[in-house]
Amino acid sequence: MPKLIFARHGKSEWNKADKFTGWVDVDLAPEGVEEAKDAGQKLKEAGIEFDIAYTSVLTRAIKTCHYILEETDQLWVPEVKSWRLNERHYGALQGLNKQNTRDKYGDEQVHIWRRSYDTLPPLTDPEPDRRYADLDPRTIPGGENLKVTLERALPFWEDQIAPALREGKTVLVAAHGNSLRALAKHIEGISDDDIMDLEIPTGKPSVYELNDDLTVKEKYYL
């Protein structure tokens, strides 16, 4: 039976500072390290053995993946990194304090930018970054909503994650709140409206037990 585990990275330094982060590569805060280790211990206690792990190219997700594998004594498990699992790009909001942004634009507008499925944030010009040097510049976003995040994550799902699951493998995806929300929408068939209410918790891995056709047989949190 294929099994898929989602692990959202824990608190980052910019989470502590209440800033929009997106593609900015910030590190885990000490609390986030403990959340990642705690998630690993829960997975170890559950006896879950991974065949492969996937993560983004952002430090906070990569370290979360490594802490989980270390805590479960599985650092040897093959690991694949992809920009397609990055957090959604918050455009011109990146680096701004969330409360200051609410004060300027209003709670409702900021809530729409953060949680709606198809409303884009204010856009910005992408900054050069060597980790994306091999990509077609047209694929690098200046801002994303959840719809666009899902559109760029789906090819990686179809090309990498889904084939591993169809082989019956147990898969870890250590990523970000919105990239995991996007994949959850696809996997669970969540509507555009209902996805606004889905929250991916930190420090609590979500486990999908899947049927052979990758429909969800059971979902639960550890």
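The values are calculated or read from the model by the stated rules, or taken from the named source; none is laboratory data. Here the structure is a predicted model, which means the values were calculated and not measured. Methodologically, a virtual Cβ is constructed for each residue, glycine included, from the backbone with ideal geometry; neighbour enumeration extends over all protein chains shown. Areas reflect the complete protein model, heavy atoms only, side chains present, ligands, DNA and RNA absent. Shrake-Rupley method; radii C 1.70, N 1.55, O 1.52, S 1.80 Å.
Could you work out [θ]222 nm for the chain from helices alone, using -39500 (n - 2.57) per DSSP H run of at least four and dividing by all its residues? Round to the nearest 500 deg cm²/dmol. Mind showing how you got there, number by number?
Numbers: 8 runs with 78 residues, N = 222.
My calculation for the chain gives -10000 deg cm²/dmol from helical runs alone.
Karplus-derived 3J(HN,Hα) values for region 122-127, using 6.51 cos²θ - 1.76 cosθ + 1.60 with θ = phi - 60°, are x, 8, 9, 7, x, 8 Hz; glycine and proline are entered as x. 3J(HN,Hα) along region 53-62: 10, 10, 8, 8, 9, 10, 3, 5, 7, 4 Hz, from the Karplus curve 6.51 cos²θ - 1.76 cosθ + 1.60 with θ = phi - 60°, whole Hz, x for Gly and Pro.
Between their Cα atoms, which of K63/K217; K42/K204; K98/K185; K11/K204 are more than 20 Å away from each other? From the list (K63/K217; K42/K204; K98/K185; K11/K204), the Cα-Cα distance tops 20 Å for K63/K217; K98/K185. Under the combined filter of DSSP loop state and at most 12 neighbouring Cβ atoms within 10 Å, region 1-102 retains these chymotrypsin sites (Phe, Trp or Tyr not before Pro): W76.
To the nearest 10, the accessible area of R102 is 50 Å² with a 1.4 Å probe.
Residues whose amide H comes within less than 5 Å of that of K217, counting only those at least five positions distant or on another chain, are E209, L210, N211 (H built at 1.01 Å from N in the peptide plane). Taking θ as phi - 60° and the Karplus parameters 6.51, -1.76 and 1.60, the scalar couplings of region 91-101 work out to x, 5, 6, 4, x, 7, 6, 5, 5, 4, 5 Hz in sequence order, x denoting glycine and proline.
What the chain shows is 47 Å² of accessible area per residue, with the surface traced by a 1.4 Å probe over protein heavy atoms.
With every protein chain in place and a 1.4 angstrom probe, the accessible-area ranking of H111, H9, H186, largest first, reads H111, H186, H9. Distance between the modelled labels on A17 and Y105, one decimal in nanometres: 1.9 nm (7 Å Cα→Cβ projection).
Spin-label pair I112-L198: with each label point 7 Å from Cα along the Cα-Cβ axis, the two points sit 2.3 nm from one another.
Relative to the dominant Cα principal axis of the chain, helix 146-156 is inclined by about 40°.
Distance between the 7 Å Cα→Cβ label points at M1 and T119: 4.0 nm. What is the angle, in °, between the Cα long axis of helix 30-45 and the longest principal axis of the Cα atoms in the chain? Nearest 10 is fine, range 0 to 90. In the chain, helix 30-45 runs at an angle near 20 degrees to the longest axis.
Between the amide H of Y54 and those of V80, L172, V173, A174, distances stay under 5 Å, these residues lying 5 or more places away or on another chain, with hydrogens modeled in the peptide plane.
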